Amino acid sequence: MLNVTRLSSGYGEVNVLNDITFSVGNEIFAVLGANGAGKSTLLKTLAKLIPVTQGHIEWQGRDITRAPAYSLPAQGVAYVPQEHNVFSDLSVAENLSVGALTGSRTRDEKLDEIYELFPRLADRKDQFAGSLSGGEGQMLAVSRALMQDPSIILLDEPSAGLSPLFVDTLFEKISEIRQQKSVTIVLAEQNATKTMEIADRLLVLSLGEVHLLKPVKELDMKQLMEAYHI
Ligand SMILES: Nc1ncnc2c1ncn2[C@@H]1O[C@H](COP(=O)(O)OP(=O)(O)OP(=O)(O)O)[C@@H](O)[C@H]1O
Ligand SMILES: [Mg+2]
């Protein structure tokens, strides 16, 4: 369980997130919002990459508000940034090995699982990550996170820049991962329609504040569109 209470954060003098409160259980929890709404900032704050200026973050009963970022993988938290999320100069297999440094299962056991989930990565295991297509790169970034055997994955806009067909595949995989591993997923996305197909609940950010926090089933489309200033 992740509990976020009255969270504010930003970049130096620039405050971006204001007074954000929500909890995430065992679910796909989506963070939606227009460009610049603060989705990536929220995930970076949860991953402890930028400091919390106000409020608290609690993960599995522990206060991690001041925990260093490097302590999170061992606590079951994996983070997939929106950009630059693979090591371009390492091969696919090497990228996956980096993710395998935490957890109790062997690397090979986890690799077999990943290659079964994403056969495209198995075919390209000796290829440099920098030479993968956009969609393959996103699959690798998600897979690297999965190699940690995490309890929660903070996944920042995996569909960015992907063709519609690839987006469909990726979202199917995210849903499959969720069902197979019962891992909690915090999914920041621009693609509201696709996200609503797989998410349990939505947090919609607007200008760094909570505009809406609801189960997808109870969503009122008018409220959603207001958050995008449509
Ligand atoms: N390093 C930074 N320094 C200063 N301001 C930043 C920095 N990174 C982001 N911002 C600002 O923070 C605000 C929120 O940006 P953020 O990247 O969190 O938005 P987002 O919802 O992820 O948008 P997108 O959908 O385009 O990825 C924006 O106004 C942005 O300009
Ligand atoms: Mg973003």
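The values are calculated or read from the model by the stated rules, or taken from the named source; none is laboratory data. Just so it is clear, the structure is predicted and the values come from calculations on it, not from any experiment. Ideal geometry is used to build each Cβ from the backbone, glycine not excepted, and the neighbour counts take in all protein chains shown. For accessibility, only protein heavy atoms count, side chains too; no ligands or nucleic acids. Shrake-Rupley method; radii C 1.70, N 1.55, O 1.52, S 1.80 Å.
Structure notes:
- All conditions but one from (1) touching a Leu at 6+ places or on another chain (Cβ under 7 Å); (2) within 16 Å of ligand 1 (Cβ to nearest atom); (3) at pLDDT 95 or above apply to E209; the one that does not is (1).
- For the stretch 113-162, the set of residues classified as free of Cβ contacts under 8 Å to residues at least 40 places away in the same chain, hydroxyl-bearing (S, T, Y) and assigned to a loop (DSSP other than H, G, I, E, B) consists of S133, S159, listed by residue number.
- Any chance A227 is in contact with a His (Cβ under 6 Å, 6 or more places away or on another chain), farther than 21 Å from A47 by Cα and crowded, with 17+ Cβ neighbours inside 10 Å: yes
- Subset of the stretch 1-51 (residues that are in contact with a His (Cβ under 8 Å, 6 or more places away or on another chain) and among the β-branched types (V, I, T)): V4, T5
- Of all residues in the stretch 45-66, exactly one satisfies the criterion of being in a strand (DSSP E or B) and either of a type in the set (S, T, Y) or in contact with a Cys (Cβ under 9 Å, 6 or more places away or on another chain) (or both), namely T53.
- Any strands (runs of 3 or more DSSP E) falling wholly within the stretch 1-44 and containing at least 1 residues that are open to solvent by 60 Å² or more (accessible area, probe 1.4 Å) and over 14 Å from R201 (Cα atoms): 2-11, 14-24
- Complete set of residues in the stretch 192-211 that are surrounded by 19 or more Cβ atoms within 10 Å (Cβ to Cβ) and within 15 Å of R178 (Cα to Cα): T195, A199, R201
- Subset of the stretch 196-230 (residues that are under 12 Å from G33 (Cα atoms), part of a helix (DSSP H, G or I) and touching a helix residue (DSSP H, G or I) at 6+ places or on another chain (Cβ under 8 Å)): L224
- Every residue from the stretch 51-81 that is under 18 Å from the mean Cα position of the chain (by Cα), within 16 Å of ligand 1 (Cβ to nearest atom) and surrounded by 18 or more Cβ atoms within 10 Å (Cβ to Cβ): Y79, V80
- Condition check for V92: touching a strand residue (DSSP E or B) at 6+ places or on another chain (Cβ under 6 Å) and open to solvent by less than 10 Å² (accessible area, probe 1.4 Å): no
- Look at the stretch 163-191: where a residue is open to solvent by less than 30 Å² (accessible area, probe 1.4 Å) and a partner is among the charged types (D, E, K, R) and not in a loop (DSSP other than H, G, I, E, B), sitting 6+ places away or on another chain with Cβ atoms under 8 Å, you get V167/K194; F171/K194; F171/E197; I185/R178; A188/K39; A188/D156; E189/K39.
- Candidate set from the stretch 172-195 (those that are part of a strand (DSSP E or B) and among the hydrophobic types (A, V, I, L, M, F, W, C)); member that is farthest from ligand 2 (Cβ to nearest atom): I185
- The stretch 17-43, residues that are under 22 Å from Y228 (Cβ atoms) and not aliphatic (A, V, I, L, M): N18, D19, T21, F22, F29, G33, N35, G36, G38, K39, S40, T41
- Any hit, the stretch 170-188, residues being within 16 Å of ligand 1 (Cβ to nearest atom) and in contact with an Asp or Glu (Cβ under 8 Å, 6 or more places away or on another chain): yes
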